[in-house]
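Scroll down for the structure; my scribbles are underneath it.
Just so it is clear, none of the values below were taken in a lab; they were calculated from the coordinates. Source: prediction; values computed, not measured. Every residue, glycine as well, gets a Cβ built from its backbone with ideal geometry; the counts of neighbours run over all protein chains shown.
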Amino acid sequence: MKKRKKYTAEFKREAVRLYETSGKTQAQIERDLGLWKGCIREWKKQLERKGEQAFPGHGRLGAEDKRVRDLERENEILRQERDILKKAVAIFSRRSE
């Protein structure tokens, strides 16, 4: 099993810039740099979508992705608290009858 190579954000940006300015094909650049097929296209898409926020690295999320994850966690906690309160109301309303 091959170990997956990790590339820095700077390397990825430079590879895309090289593709855009060199006049070489994407496949030629990927071969020259020893990259897997299609990675420059993926890196280019990420740069177009996220600009400077692209390639946060080492499993770190971008600012927007982190905010979404935090809000989803908070939402799950609130759902659990709501469910607990519903159960408590049901228990106490049965006792008073």
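Quick notes
- When the range 20-39 is filtered for residues that are under 17 Å from ARG4 (Cβ atoms) and part of a helix (DSSP H, G or I), the ones remaining, listed by number, are GLU30, LEU33, CYS39.
- Residue match in the range 67-74 (condition: more than 16 Å from the chain's Cα centre (by Cα), acidic (Asp, Glu) and assigned to a helix (DSSP H, G or I)): yes
- Residues of the range 8-37 that turn out to be in contact with an Asp or Glu (Cβ under 7 Å, 6 or more places away or on another chain) and among the small types (Gly, Ala, Ser), as a count: 0
- Residues (exposed (fewer than 13 other Cβ atoms within 10 Å of the Cβ) and part of a helix (DSSP H, G or I)) located in the range 5-19: GLU10, ARG17
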